[in-house]
1. Kirkwood hydrodynamic radius (Cα pairs, Å) of segment 254-366?
2. Treating only the Cα positions of segment 1-90 as identical point scatterers, give the base-10 log of I(q)/I(0) from the Debye formula at each q in 0.21 Å⁻¹.
3. What relative contact order, as a whole-number percentage, does the chain give when Cα pairs under 8 Å and 6 or more residues apart are counted?
4. Quick one: if you stick a label point 7 Å off each Cα along the C-beta vector at residue 66 and residue 119, how many nm between them?
5. With contacts defined as alpha carbon pairs under 8 Å and 6 or more residues apart, what's the relative contact order of segment 206-364 in percent?
6. Relative to the longest principal axis of the C-alpha atoms of the chain, give the angle of the C-alpha long axis of helix 99-113, reported between 0 and 90° and rounded to the nearest 10°.
7. Bin width 10 Å, origin at 0, all Cα-Cα pairs of segment 85-136: what percent of pairs per bin?
8. With springs connecting C-alpha atoms under 10 Å apart, model the chain as a Gaussian network and identify which of 247, 146, 319 has the largest mean-square fluctuation.
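Read the figures in this text as sums done on the coordinates, not as results from a lab. These numbers were taken from a predicted model, which means no experiment stands behind them. Every residue, glycine as well, gets a Cβ built from its backbone with ideal geometry; the counts of neighbours run over all protein chains shown.
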């Protein structure tokens, strides 16, 4: 295959780097990757991680329809279970399960038949998915930190990662392995190890991210009025709502009491999810109004959580937002220009944030 004619060597400097790209493309093409798939991987700057993605999903052979037929679980339950794991929507004919998955879901069917409520199992799946996502992120970063070496070609690095993964995967516990592989694959799709990172041999800790917090207005007073059972129902409804709006590329980072944290590398998708969450709460007789604050900037991601200025700023904006609104900083407004209508609501200073910050209220574009 003439990869240069296909435009897949564009932008590479030096024969060593071009030879490494050719070698990796030849190997992936021989293993069944189409030219279009390889072009997309190059465009997304994830070609070096494509072999790992293929390895992690190699034994997924059953579609969701086949899973339903073989396990006896309803398609509705399986869709809710998939979403609770934190997975993005998939095509009907996309393989999503292996033999281990079928065995796990057969156990779920047994528990449902024994009288365990489906909603309780979905809650458990959501917790497993959240823990698996954090473990997948930490594992991938450990791979990168340990395996990146200065001067690596893409072929060198991809082979080293796959070899390391082959040695590691059999050691993973079967309970965590299925969700972890899925989350690793999802993380791989979103990661891009650029040429600069390969040359310098490290993964930069900070990346540009959009962050949003949402909390329940008047929750302290509400918790004083409700008994423990009613309060538990309110907080669970809030957690479920946050989980429902957090579909890729938006991630539910965590919930703490009456507060949820969402993050995404796509600011418009994050704002859309936050608006859905605020609007849904207004239609829910059980939940009090929500308020939300969002910001964009460079943050450090560790163990599935984020740290840095946009996180602190989004939290502080949330604390001053009126109920039923979403406020954002100038960076968020600029990052979503054209997708939403923003109106200035003044500026104010925040503890730990240098200077005054202009604030904007967002509504859907008309």
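1. Result for segment 254-366 stands at 14.4 Å.
2. -1.00
3. Numbers: 550 pairs, mean separation 52.6, N = 366.
Relative contact order of the chain: 14 percent.
4. 3.4
5. On the way: 323 pairs, mean separation 39.3, N = 159.
This gives 25 percent for segment 206-364.
6. Once rounded, one gets 30 degrees.
7. The percentages, shortest bin first, are 21, 45, 33, 1.
8. Sorting by GNM fluctuation, first place goes to 146.
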